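Colleague: Please read through the structure below; I'll follow up with questions.
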Amino acid sequence: MCAVGGRDEAAAIAAALVEARLAACVQLVPVESVYRWDGAIERTAEVMLHAKTMQTRLAEAEKLIRARHSYAVPEIIAVPIVGGSADYLDWVRAEVSAPASR
């Protein structure tokens, strides 16, 4: 998961992740975040990216996100998959295991 500051940035990062085969799919979900930053409570409209990938591609995905992200401290959180549709999980595995398009 990764929150970004706007739809254009979210779309660009999502496309880059899928193009590089670092994610099989990335969902863009509008959210409102409330957080403390530099001592002040902030309320910000953001877009949450839910990127479907494998742990073996996580470090590369994080590197790509950091290179394209506008925040000083981007939210990048990995959540383990403990179950799911076997067909879907096989598809994710195949997509992120295939060579990247050139």
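Colleague: Across the stretch 28-70, what is the number of residues that are out of contact with any Asp or Glu (no Cβ under 8 Å at 6 or more places or on another chain) and of a type in the set (G, A, S)?
Modeller: 6
Colleague: Of E32, E19, E46, which residue is touching a Lys or Arg at 6+ places or on another chain (Cβ under 7 Å) and of a type outside the set (A, V, I, L, M)? Even if it seems obvious, please write down each step before you answer.
Modeller: Numbers: E19 fails: touching a Lys or Arg at 6+ places or on another chain (Cβ under 7 Å); E46 fails: touching a Lys or Arg at 6+ places or on another chain (Cβ under 7 Å).
Sole residue among the options that is touching a Lys or Arg at 6+ places or on another chain (Cβ under 7 Å) and of a type outside the set (A, V, I, L, M): E32.
Colleague: Take L28 and tell me if it is under 11 Å from the mean Cα position of the chain (by Cα) and either of a type in the set (A, V, I, L, M, F, W, C) or modelled with pLDDT under 95 (or both). Full working, then the answer.
Modeller: Working: under 11 Å from the mean Cα position of the chain (by Cα): yes; either of a type in the set (A, V, I, L, M, F, W, C) or modelled with pLDDT under 95 (or both): yes.
Spelling it out, L28 is indeed under 11 Å from the mean Cα position of the chain (by Cα) and either of a type in the set (A, V, I, L, M, F, W, C) or modelled with pLDDT under 95 (or both).
Colleague: Now for a different question. Kindly indicate whether E75 is of a type in the set (D, E, K, R), in a helix (DSSP H, G or I) and surrounded by 10 or more Cβ atoms within 10 Å (Cβ to Cβ). Before the answer, list the steps.
Modeller: Numbers: of a type in the set (D, E, K, R): yes; in a helix (DSSP H, G or I): no; surrounded by 10 or more Cβ atoms within 10 Å (Cβ to Cβ): yes.
Taking the combined requirement at face value, the residue does not satisfy it.
Colleague: Might you let me know whether the stretch 78-98 holds any residue that is under 17 Å from C2 (Cα atoms), open to solvent by less than 50 Å² (accessible area, probe 1.4 Å) and either in contact with a helix residue (DSSP H, G or I) (Cβ under 7 Å, 6 or more places away or on another chain) or assigned to a loop (DSSP other than H, G, I, E, B) (or both)?
Modeller: Going residue by residue through the stretch 78-98, those that are under 17 Å from C2 (Cα atoms) are 78-81.
Filter again for open to solvent by less than 50 Å² (accessible area, probe 1.4 Å), leaving none.
For the stretch 78-98, residues under 17 Å from C2 (Cα atoms), open to solvent by less than 50 Å² (accessible area, probe 1.4 Å) and either in contact with a helix residue (DSSP H, G or I) (Cβ under 7 Å, 6 or more places away or on another chain) or assigned to a loop (DSSP other than H, G, I, E, B) (or both): absent.
Colleague: Also: Conditions first: (1) loosely packed, with under 14 Cβ neighbours inside 10 Å; (2) under 12 Å from the mean Cα position of the chain (by Cα). A61 passes all but one, so which condition is the exception?
Modeller: (1)
Colleague: Do we have A51 as without any contact (Cβ under 8 Å) to a residue 60 or more places away in the chain and either surrounded by fewer than 10 Cβ atoms within 10 Å (Cβ to Cβ) or in a strand (DSSP E or B) (or both) here? I'd like the intermediate steps shown before the answer.
Modeller: On the way: without any contact (Cβ under 8 Å) to a residue 60 or more places away in the chain: yes; either surrounded by fewer than 10 Cβ atoms within 10 Å (Cβ to Cβ) or in a strand (DSSP E or B) (or both): yes.
When the stated conditions are applied, A51 passes them.
Colleague: I need the full set of residues from the stretch 1-34 which are touching a Leu at 6+ places or on another chain (Cβ under 7 Å), of a type in the set (A, V, I, L, M), assigned to a strand (DSSP E or B) and buried (at least 20 other Cβ atoms within 10 Å of the Cβ), in order please.
Modeller: Within the stretch 1-34, V4, V26 meet the criteria.
Colleague: Something else about it: Quick one: would you say A45 is surrounded by 10 or more Cβ atoms within 10 Å (Cβ to Cβ), at pLDDT 95 or above, more than 20 Å from A15 (Cα to Cα) and not acidic (D, E)? First the steps, then the outcome.
Modeller: Details: surrounded by 10 or more Cβ atoms within 10 Å (Cβ to Cβ): yes; at pLDDT 95 or above: yes; more than 20 Å from A15 (Cα to Cα): yes; not acidic (D, E): yes.
Answer is yes for this residue.
The values are calculated or read from the model by the stated rules, or taken from the named source; none is laboratory data. Only a predicted model underlies this, so the values are computations on that prediction, with no experimental measurement involved. Note: ideal-geometry Cβ built from the backbone for every residue, glycine included; neighbour counts use all protein chains shown. The protein model used for the area step is the full one, side chains on, heavy atoms only, and it has no ligands, DNA or RNA in it. Shrake-Rupley method; radii C 1.70, N 1.55, O 1.52, S 1.80 Å.
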